[in-house]
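The values are calculated or read from the model by the stated rules, or taken from the named source; none is laboratory data. Keep in mind that what you see is a predicted model, and the values were worked out from it rather than measured. With ideal geometry, Cβ positions are generated from the backbone for all residues, glycine too; neighbour counts draw on all protein chains shown. In case anyone asks, the SASA skips ligands and DNA or RNA and just uses the protein heavy atoms, side chains included. Shrake-Rupley method; radii C 1.70, N 1.55, O 1.52, S 1.80 Å.
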Amino acid sequence: MRLKKGEPDLWIFFTTMLLLVIGIVMVFSASYYDTLENDPYFYLRKQLMWAALSFVAMLVMMKIDYFRLKPYINFIFAVAFILLIVVLFYEPVQGSRRWIKLGFINIQPSEIMKLSLVLFLAKKLSEIGARIKHFFTGIGPYLLLLGLVGGLIMLEPDLGTTLVIAGTACVLLIVAGLRLRHFFVLAFSGLAVVGALILADLNRINRIIGFLDPWSHASKEGYQLINSLYALGSGGLFGMGLGNSRQKLDYLPEQNTDFIYAILGEELGFIGAFLVVLLFCLFAWRGYRLALTCPDLFGSFLAVGITTTIVLQAFINMGVVTGLLPITGIGLPFISYGGSSLLFSMSGVGILLNISRYCSNP
Amino acid sequence: MSVPIKIKKRVAGILFFMTLLLIVLAGRLVWVQLVKGEELRQKAFAVRFRNVEVKAKRGTIYDAQGKPLAISISTDSFYANPAEVKRSKREKEIAQKVAEILELEPDKVLQQITKEQAFVWIKRHVPEEKAQKLKTAKLPATAEFTATNSLPGIKSVEEPERFYPKGQLLANVLGFAGIDHQGLYGIEKSYDQILSGISGTIMVEYDNRGQEIPDALQKYIPPHDGNSIFLTIDETIQYIVERELDGIMQLHSPKKAGIVVMEPKTGRVLAMGMRPAFDPNNYNDFAQVNWKNFLVSDVYEPGSTFKTVTMSGALDEGVVNVNDRFYCGGFVQVGGRKVRCWKASHGSQSFMEGVQNSCNPVFVTVGLRSGKDVFYRYLHGFGFGKKTGIDLPGEATGILLSKDKVQEIHLATMSIGQTNAVTPLQLLTAFAAMANEGKLMKPQIVKEIRDKEGKLMRTIEPEVVRQVISVETAQQVMSILESVVSEGTGKTAYVEGYRVGGKTGTAQKIIPGGGYSTSEYIGSFLGVAPVNDPRMVCLVVVDSPEGMYYGSQVAAPAFRNIVRDTLRYLQVPAQIEPEKIANNLHSIELPSLVDLQVSEAVKILSQKKLKADILGQGTKVKAQLPLAGTKVVEGSKVVLYTSVPAAGAEPETVVVPDFTGKNIVEVKEEVKMLNLNFDIQGSGVVSRQEPEPGQQVPLGSTINLYLETLSEDVLYPIGP
């Protein structure tokens, strides 16, 4: 198959770049007070470095034709899987083992897995054909693998990422033609597992309590959510102005990572916060649109997977910050501080952009 | 080749689903940021901002002449910002320095300044010198740290401290303000709102580590300084009162003593002092009871001073006339019970004399004649049973026996100042009405309120409560009371040069639980001066003095001194001419009458208003008693001997006078004049004597006097 290469989707490109720029600015704004006494530019510098690296990665992935990735997917998946095991041997940071420390940089293998799994599933599901309808002989092995991956990430533990991965896999399976009853079996067992995982850990129970009734537990369980809401509320329509957040003054924990969206909402107001939602809507539209116009199934599934990963994660993060969902502990794609996440999200966007070059332009 | 349509449909479905999620999210944003935004913003604001109160300057309390009695001075208070202290990493050095300068325990200081708080007081109201030292203290450079030019995290704030420049003077009236400058007692409490002003605030924005945010929002609401108060109290008169109180304490060591001076025409309190007192600058060094103003907050059964009220009512109602005759046989029978007089018998006397003698049967009779309706009308009229409304905290209402329970015996005892309990201020306020042509005034302690620039904000005008008795009755009462001082039980209150009126009182103290004490008394004096144009009324109350306890002994002298010095201070001209003064009590110097013709000597004596008692049949005065140069009172008897008794001859005799009811001072004077000796047993007043009155005894004989503590106005508890 020889296809004519077109122009990459500029919507996706510019949406991503805009989110990235907003992210860099917000990371600086949210973090500088915290590190004022030592080095106010510490996080800005690191995020800029990662952004540059990620940008290059995106350009590289945009250059590599997505179907040429196919032969390497099993290998990539295997490496990601092994890294998930390796990370468990590291010392926990704040109660979880998420980073592989390489001295100069720290890598988050679950972020690698997010992209790898999408690649893996896209490949396998594009080849599965009618077997998708069979539970044991068709989807069974993948579900098992998925369970293993989820289990490994839960050992770190990182419920948020597990949910994103499970959600993405679920979406891919549905798109690939999962039987409705299989879907329900999956959904219910998935919910049961999540329920069990929550109940098994006091920390997670507290998060649920803090989510359900933050105001009665304002000093402990509800503290983070309340301060997040304070930030958003303080922002109002137009925001307090860039750099003027008060909640970032040590009131809101994780102000430059998982809760950066609250600081954004405080400084840029509803207008800024809604713009971000709008950008992710745009991203979803253009991303899924690729899947519709893509010349092959692999590309289509890949587009669905990558788009879903990013949009789902964005929704979960913003949902947590606004109090729609209990706290899970994942960042906002392109915006939260965090190197691995940015690198692999941008790599994903690179793949999307590459796919877009093969899609028929209307 | 292309993606199957089925898959496309599903992708579209997913797109729809994802968009839906994001729409829900946008809806949530609208709710949180726009609908609930303001509420959340306010809540966040409340968390972030801390109000630092800026105290308003407390107003000054001045006396009537504008002399400061309570002022606020600015002192430095030191506090720590523990976050800053810890950040310096030199906590121990800082604690050491602070402890050294403030003379505190280094360990305790260290504990204080490293507490998990944003603000910790180290020491408040630090004296000037130490404050300067602490403000300029530095940390030296060490191997690890550079030198600092102040102690990190140790800060000072100017805080006003209340200062009472006159110390104990007027303490119980002024009260005091506490460490936070809040009025806690006395005027400081009742006028706290006016004095304290309105605090301002500095709202400072803090981060969650307890540090001020650089270039944070700061709102400053300036304080509104308190207004100043000008009292009706005159510092000079107050000083006179305090001096007399010290004198009373020294002479009689009573449990308590109190004096109030009031201007009857306005109801303004000119002085109010008491013991025990305290120094409001160090109020914590004194027992809490010392802080109290018992003249306003405590009640007592006033005893005979209350007879002024009985008298006013009866005269006003016309149930008695000054010339009505009464007989005192030492007691009066009321409803089968005996109310005793303080003297065995006063015999027949006019009402006027009855008042002079403070005769119980007279007042009981008058009280019964008034009846309870009339009696209570005047009680209420004079304001008893109700607060006077003076601007002092904790005023008591007093206890009146409820009218429907009043029987004859109660009426009888009330008439002589028992049964009902009143505050000293109530009694004086009622008395002031008698001195003010019958008009009851509301007692006042504050004259003016001015703002800090001295602009008059409010003048408290004298306030007439009601006309209680007629002008004529009031005048009558005044002249009767003048005679009490000039002729009767109140002689010790006599002030040279001024027309003074008053009434003594000596009440037995009530024992908690019922009955009257036989060992503890309240001696008091209630007086007015000058009688014809009253400038001041004054009540002196002496509670449980040691030794002497009659009002005339423990209270009247203080009254006399206060009146004398106050009237002089008020520049009230002396009313009685100098020659009259010279002729007055205690001031007649006996001339030598020896070798004069008897008729001539008698003439001289009668000119000096003295009586002559001639012994012997001679025509010339051979000797005289008392001797020449002795000062005697008007009407004294001078014995003239017309023949010197020869050796072996029948000794001259004298008639033994009646000493009953007299106290030692009176006895001494009389006995000396008669050239008799005396021997005393017991204490109090004479109840029995040997030989009996009227007997002839030789000059120089010894009279045995048996004294009893049945004295003056002291009343025996009513028997069953």
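Mean-square fluctuation check for chain A, GNM, Cα pairs under 10 Å: which of A:Leu148, A:Leu343, A:Leu115 is largest? Of the options given, A:Leu148 has the highest mean-square fluctuation. Farthest towards the positive end of the charge dipole of the protein assembly as shown, among the residues B:Gly490, B:Val446, A:Gly243, is the Cα of A:Gly243, using unit charges on the Cβ of Lys, Arg, Asp and Glu. Computed log10 I(q)/I(0) for the stretch A:43-114 at 0.12 Å⁻¹: -0.44, from the Debye equation with unit scatterers placed on every C-alpha and solvent omitted. For A:Leu199, A:Leu290, the ranking by accessible surface with the largest value first comes to A:Leu199, A:Leu290, using a 1.4 Å probe. Computed on the stretch B:5-136, the Cα convex hull volume stands at 198 Å³ per residue. With no solvent and one equal point scatterer placed on each C-alpha of the stretch B:159-276, evaluate the Debye formula and give log10 I(q)/I(0) for q = 0.09, 0.15, 0.19, 0.22 Å⁻¹, two decimals. So the normalised log intensities are -0.41, -0.79, -1.08, -1.23.
Which is the longest run of chain A containing none of the chymotrypsin sites (Phe, Trp or Tyr not before Pro) found in DSSP loop states (not H, G, I, E, B) with at most 16 other C-beta atoms within 10 Å? Answer - A:105-237.
Structural descriptor for chain B: relative contact order 11 percent, calculated from alpha carbon pairs under 8 angstrom and at least 6 residues apart.
Using just the Cα positions, wrap the protein assembly as shown in a convex hull and report its mean projected area in square nanometres, one decimal place. Show your work: numbers first, answer last.
Details: hull surface 262.8 nm².
For the Cα atoms of the protein assembly as shown, the hull's average projected area reads 65.7 nm².
Taking the inverse of the mean reciprocal distance over all distinct Cα pairs, the Kirkwood hydrodynamic radius of chain B comes to 31.2 Å.
The HN-Hα couplings worked out from phi for the stretch B:464-472 by the Karplus form 6.51 cos²θ - 1.76 cosθ + 1.60 (θ = phi - 60°) are 7, 7, 5, 8, 8, 10, 6, 4, 5 Hz, whole numbers, x standing for Gly and Pro. The Kirkwood radius of chain A, taken over pairs of alpha-carbon atoms, gives through the Stokes-Einstein law at 10 °C and 1.306 mPa s a diffusion coefficient of 76 µm² s⁻¹.
Here is the tail figure for the stretch B:235-583: Cα pairs spaced more than 32 Å apart come to 26 percent of all pairs.
For the protein assembly as shown, the carbon plus sulfur part of the accessible surface works out to 57%, probe radius 1.4 Å.
At q = 0.19 Å⁻¹, what log₁₀ I(q)/I(0) does a Debye calculation on the Cα points of the stretch B:276-362 give, no solvent, two decimals? Here log10 of I(q) over I(0) equals -0.87. Estimated purely from DSSP H runs of n ≥ 4, each contributing -39500 (n - 2.57), the mean residue ellipticity at 222 nm for the protein assembly as shown is -14000 deg cm²/dmol once divided by its residues. A straight Cα-to-Cα reach below 20 Å connects B:Lys92 with the aspartates and glutamates B:Glu84, B:Glu100, B:Glu103, B:Glu105, B:Asp107, B:Glu116, B:Glu144, residues fewer than 8 places away in its own chain not being considered. For chain A, a Gaussian network of Cα nodes joined below 10 Å ranks A:Thr16, A:Thr293, A:Thr309 by mean-square fluctuation, and the top entry is A:Thr293. Couplings 3J(HN,Hα) of the stretch B:272-288, computed from phi: 8, x, 7, 10, x, 10, 7, 9, x, 6, 10, 4, 6, 7, 10, 5, 4 Hz, in residue order, whole Hz [Karplus 6.51 cos²θ - 1.76 cosθ + 1.60, θ = phi - 60°; x for Gly and Pro].
Here chain A is scanned for trypsin sites (Lys or Arg not before Pro) in DSSP loops (not H, G, I, E, B) that have at most 14 other Cβ atoms within 10 Å, and the longest stretch holding none of them is A:6-219.
Normalised by the number of residues in chain A, the average gap of Cα pairs under 8 Å and 6 or more apart makes the relative contact order 30 percent.
Can you give the charge dipole size of the protein assembly as shown about its Cα centre, rounded to the nearest 20 debye, using +1 on the beta carbon of Lys and Arg and -1 on the beta carbon of Asp and Glu?
6100
On the principal axes of its alpha carbon atoms, the stretch A:218-351 extends 52, 29, 25 Å, with the longest extent given first. Within the straight-line cut-off of under 23 Å between alpha carbons, the lysines reachable from B:Lys622 are B:Lys603, B:Lys608, B:Lys609, B:Lys611, B:Lys631, B:Lys637, B:Lys672, sequence neighbours fewer than 8 places apart in one chain being disregarded.
Build a GNM of chain A with springs between Cα atoms under 10 Å apart, and of A:Asn203, A:Asn227, A:Asn317 the one that fluctuates most is A:Asn203.
What average count of beta carbons from other chains do you get within 10 Å of the Cβ of residues in A:272-282? Please report the intermediate quantities before stating the final value.
Details: counts 1, 6, 5, 0, 2, 6, 2, 0, 5, 8, 0.
Averaged over the peptide's residues, the number is 3.
Given a 1.4 Å probe and the protein chains as shown, A:Cys170 ends up with an accessible area of around 40 Å².
Its Cα gyration tensor gives the stretch A:19-79 an equivalent ellipsoid, and the semi-axes of that ellipsoid, as √(5λ) in whole Å with the largest first, are 34, 13, 8.
Backbone geometry of the stretch B:188-196 corresponds, through the Karplus equation with coefficients 6.51, -1.76 and 1.60 at θ = phi - 60°, to 3J(HN,Hα) couplings of 4, 7, 5, 10, 4, 4, 5, 6, 7 Hz, x marking Gly and Pro. Amide H contacts for B:Glu520 (H built 1.01 Å from N in the peptide plane; partners 5 or more residues away or on another chain; cut-off under 5 Å): B:Lys509. Ranked from largest to smallest solvent-accessible area, with a 1.4 Å probe on the protein heavy atoms, A:His182, B:His380 come out as B:His380, A:His182. As an equivalent ellipsoid, the stretch B:322-450 spans semi-axes of 31, 17, 12 angstrom, where each value is the square root of five times an eigenvalue of the C-alpha gyration tensor, largest first.
Based on a Kirkwood Rh over C-alpha pairs, give the Stokes-Einstein translational diffusion coefficient of the stretch B:51-231 at 10 °C and viscosity 1.306 mPa s in µm²/s. Don't skip to the end; give the middle numbers.
Details: Rh = 18.3 Å.
The estimated diffusion coefficient comes to 87 µm²/s.
Straight-distance candidates among the aspartates and glutamates for linking to B:Lys509, with alpha-carbon spacing under 14 Å and chain neighbours fewer than 8 residues away dropped: B:Asp298, B:Glu301, B:Glu520, B:Asp543, B:Glu546, B:Asp713. Across the stretch B:339-427, the mean sequence separation of Cα contacts (distance under 8 Å, 6 or more residues apart), normalised by length, yields a relative contact order of 31 percent. Loop-located trypsin sites (Lys or Arg not before Pro) in the stretch B:426-518 (DSSP state other than H, G, I, E, B) with a sparse environment of at most 13 neighbouring Cβ atoms within 10 Å: B:Lys455.
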